[in-house]
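Written below as structure tokens is the structure these notes are about.
Any read-out appearing in this document is the output of simple, stated calculations on the displayed coordinates, not a laboratory observation. The shown structure was predicted, so the numbers you read here are calculated from the model rather than taken from an experiment. Because the Cβ atoms are built from the backbone with ideal geometry, glycine has one as well, and the counts that use them run over all protein chains shown.
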Amino acid sequence: MAMVFRSSPLLWTRLVALIFSCVAFSVALYGAQLTHGTGDWCIFCWSFSFVGTLLVVLVELCGLQTRIPVSWKNFPITFACYASLLCLSASIIFPLYFLKGYSGRDEVMNCRIVSCVFSCLATVAYLSEVSLSKARPGEVSGYMATAPGLLKVCETFVACIIFVFINDPISYNQNAATKWCLAVYCICFILSAGIIVLCVAEWTGCLPFPFARFLSTYALLAVALYLSATIIWPLYKFDDKHGGTSHRQSSCGSMAGLCWWDKLLAIAVLTALNFILYLADLIYSARLVFVSA
């Protein structure tokens with residue numbers, strides 16, 4: 001009970017996130033009539049967040065942290081960060097596909113609005129959990145509770161969104177330059193995801209080299225790779241001289257969600273965003289090396 005009392009702000013934040021995510025997918029399943037495949041993604045975001053948070057709360061209340069085969073310093077905040085990003089993506093995607101231009105029955109619209117509102121509330125709750133769980137200056141904590149660890153989560157999540165957009169429709173087969181961009185996204189995603197797995201599973205000590213120096217070296221490589229993709233992708237997708245399309249078609253305005261040109265633009269923006277994230281990661285990782293030295 002003492003453990004529960006000490007962690008009460010975090011516990012209550014998790015319970016609130018649990019309720020909000022539960023309401024979001026329950027109402028959507030009850031009466032939102034989500035026929036588009038994107039609705040399945042939103043349901044997954046809310047239900048996955050709910051199930052994971054329920055698991056974390058049960059482990060905390062039962063005091064089973066030492067019996068779980070993962071690092072409990074790293075797993076809860078890693079999951080909370082992913083849950084916040086999942087709910088955020090659902091909060092953006094859901095109104096684009098299911099509220100924009102809908103003129104059906106009022107009860108269906110009401111259910112969709114309720115799901116969207118509680119999705120936004122769940123996002124805020126999970127962001128609050130991350131804020132409460134992250135490492136404070138001078139505090140000893142797991143790597144995933146530090147700024148570089150949280151940046152790794154954001155980097156992998158942004159890459160996943162890029163993969164969705166770049167494959168629907170397939171837009172990387174234009175030439176070798178756009179295939180290079182796909183290679184950049186894949187390489188950086190695999191390495192960042194691998195680092196997260198190593199930290200959550202507490203396998204960093206098994207590496208034959210210092211983990212901190214590996215992080216800074218990888219961050220430098222990722223910055224260089226993403227800088228090239230940030231330049232190449234818009235050059236070959238939006239410059240008419242290189243086979244791109246510089247103007248958005250008028251038909252895009254009447255489509256639900258994002259049309260193919262919008263997805264190309266989204267990939268360009270997300271590539272630039274990941275470049276900034278990796279640049280910040282490099283700065284933090286370099287500081288980590290110097291402080292350790």
Tell me, what does the Kirkwood hydrodynamic radius of the stretch 1-133 come to in angstroms if you use every pair of distinct C-alpha atoms? 15.2 Å
What is the distance in Å between the Cα centres of the stretch 202-237 and the stretch 46-74? 30 Å
Can you give the FRET efficiency to the nearest 0.05 for residue 65 and residue 221, using r as the Cβ-Cβ distance and R₀ = 41 Å? 0.75
Per the Cauchy relation, a quarter of the hull surface: what is the mean projected area of the convex hull of the alpha carbons in the stretch 137-293, in nm²? 10.9 nm²
So if R0 is 35 Å, what FRET efficiency would residue 228 and residue 287 give, r being the distance between their Cβ atoms, rounded to the nearest 0.05? 0.90
Estimated FRET transfer efficiency (residue 186, residue 239; beta-carbon r; R0 22 Å; 0.05): 0.35
Over the chain, what lengths in whole Å, largest first, do the semi-axes of the equivalent ellipsoid take, defined as the square roots of 5 times the eigenvalues of the alpha-carbon gyration tensor? 33, 30, 13
When 261, 233 are arranged by how many other beta-carbons sit within 10 Å of their Cβ, fewest first, they go 261, 233
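Treat the count of other C-beta atoms within 10 Å as a stand-in for reagent exposure and order 281, 40, 106, 262 from fewest to most.
Ascending number of Cβ neighbours within 10 Å: 106, 40, 262, 281.
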